Every structure is written in C-alpha cells, then in structure tokens.
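To keep things clear, I will list the structure first and then write my remarks on it.
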Amino acid sequence: MSKVGCAGIIVADLFCGPIPQFPPAGALVTVDEIPAMAGGCAANVAIDLAIQGVDVEVLGCIGNDADGLMLQKLLQDRGVRGDRLIAVDDFPTSKTIILLIEGEDRRYFHLFGANSAFSAQHIDFSWLSSLDIFYLGGLFAMPGLPPEHLIEALKFCRTNKITTVVDVVIPRMFAGAKSVEAILPYVDCFIPNEEEAAQITGYSTPHEQLVCLKEMGAQTAIITRGKFGTVALKDGVIWQAGIYDMPAIDPSGAGDAFASGIIVGLLRGWEMPQMLRYASAVGASAVRAVGTTTSVFQENEALDFMASHPLDVPGTGQI
C-alpha cells in the first residue's frame, strides 16, 4: 500500500454548535455536545487519507500534556500512525475552539502552542525516503519553519522521486513572496486558496495568479476558490472545475479534504480533470457534519458520487 507522510500543523479542536445566533453578554446557551477532535492541516489531511484507505503517518509537534495524549489517541482511532509526533515541553498542545452559528461563518479561538516548535530539523530524510508522497500543511503559519529551511528536504524528495504537496496558511500581513519563489521549483503540487494566491502573487484574478506562480517556478498549481470552484495549472494547461452542491453544516475541513483528494489522485496517477472531480467530491463531503473529518467520503463513496453527479472540467487555455 502506498505511504504518505503528512507534516505540519496539528491541533486539538473543540466544536461548539451549531447554535441559532451569537449569544448576548451573560447568556447561557446549552448544546447537545462539545466534541473534541484532531484538527490542523496535517492531522486533517492524514485522517482524510486514512478514511480513503491510504497508509499514512503524521509528523508534527504536540505539547507534553493531556491534550497531546488525547490527540495521539484520536489520530490512532482514525487509522493514522502517530509515532513521529513530537511532545515538547516549552509549549502546550495547540488548541482551537470553533463556534458554529447557523447561517454565519465560523468563529475561532486559537492557541498556537506547540506548532511554534516545529522545524526542518524534525523532518528526517530517512523517513522521507520511505514515502511515496510528502505533504506539508500550514507553511507560513509555523514560525520555526521558514520556507527557505524546507528547501533541502524538498530537493531530497525531488532527487528520490518522492512527490511533494505543499499547502499554505498565510497571515494577513504577508511579505514572503520571495521565499515562496525560492521553494516553488522544488514543489510538485502547490495548493493555495484564492486569497493566499493573491497575497503571494499580487494579482487578483485566478488566471493572473496561475501565470505568476508558473513564472515563479510552480510545477503544478491548484487554486481553490470556495463556491467558485477550482482552477489548476499543469504542463502549461489551465483547467477549471465547478463545485458539487452539498448541504453544509460545518465547512471547517473542506479545504483539507480537497487536498487529500488531490493526493489520492496523485497516487492513482489520474489526469487533472479526474483528479479535480475527485478532490472536489471529497472536499464537498466534509461539510455535511460538525468537525473537519467527520463526514469525509471513502474512496468508493466519492467515485460513486462522481458517477451520479457529472462535473465538467474544461481546459480553458494554455500558458
């Protein structure tokens, strides 16, 4: 079975709601449950891949505390190997409280915690050599891992034919375009959302963003656009995909589920149209229940859904 390593942000998530409206000061609101789940880019993608039948391991930092132990158990219960989780003493386990309000976007209360400690030194090249695909989630949101520190690991993967997939979480005050340009030539598949692509490239339209990313050295770039679907560039061809309409309860994990679908497509050797359809189906499935990974499709479920819900993915030009 193919093996994927997912490195980066790992979080203990607490979900509250959905509730009808934001409560006024001093109000008591009761909910049926406040579930604790594993979250963060690396954990979400790893769990989603395990759901889809992929042999997967996660790498990242947790605190040496009860929340860290809980995360280890949650990941194990979802079929993810966590032998490479690193318990650190200087930071608590990262935690997010997600407040869900019907008809509104989520509110987040976040403790960054142990993700601050993750660095390139934690990426063991002997571990990389055992992988088919190396995924890094949350680049730019981990202060201990500036992009330039990632170059040697990416070069090692390129030399050893390990496919690399990089997802980013970019702060609003971002001035790191040069550091993106330094790593893009060594990244096989780069997956920002539209806002992140605008911050990186300085361009507002997806076509301009793709052209700029290609000029910066991107091999394959896939830009997610929420309700407007996805655009992608591979081998100079631009592809465009819409979305699958799915009743949404909690959109928290859709982007990470989409990324997991791209990874499955890479493992299967699919062409871009099939890969975008599949990733879009898996991403859409994530919104059907509270939690980032609760309702994600298994591979056969996604394929059956695609068969009964055609999605056009035209090639829209070449650059």
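Some notes on this structure:
- For Ile170, net neighbour charge (Lys/Arg +1, Asp/Glu -1) across residues whose Cβ lies under 12 Å away: -3
- Neighbourhood net charge (13 Å Cβ-Cβ; Lys/Arg +1, Asp/Glu -1) for Asp188: +1
- Neighbourhood charge, 15 Å Cβ-Cβ cut-off, centred on Ala43 and excluding it, Lys, Arg +1 and Asp, Glu -1: -3
- Look at the alpha carbon pairs under 8 Å that are at least 6 residues apart: their mean separation over the length of segment 1-122 gives a relative contact order of 32 percent.
- Packing-based exposure ordering (other Cβ within 10 Å, fewest first) of Ser280, Ser129: Ser129, Ser280
- For segment 113-128, Karplus couplings with θ = phi - 60° (6.51, -1.76, 1.60), whole Hz, Gly/Pro x: x, 5, 4, 5, 8, 5, 9, 4, 5, 7, 8, 7, 5, 5, 5, 4
- Amide hydrogen neighbours beyond the local backbone of Ile101, cut-off 5 Å, H modeled: Ile19, Arg107
- Checking the Cα-Cα distances for Lys178/Lys227; Lys161/Lys214; Lys3/Lys178; Lys155/Lys227; Lys73/Lys155; Lys155/Lys214 against a 26 Å cut-off, the pairs over it are Lys178/Lys227; Lys3/Lys178; Lys155/Lys227; Lys73/Lys155.
- Ranking Gln121, Gln298, Gly236 by how far each Cα lies toward the positive end of the dipole of the chain (charges on Cβ) leaves Gly236 at the top.
Only the coordinates and a few stated rules stand behind these numbers; no lab work does. As the structure is a prediction and not an experimental result, all values here were calculated from the model. Here Cβ is always computed from backbone atoms with ideal geometry, including for glycine, and neighbour counts include all displayed protein chains.
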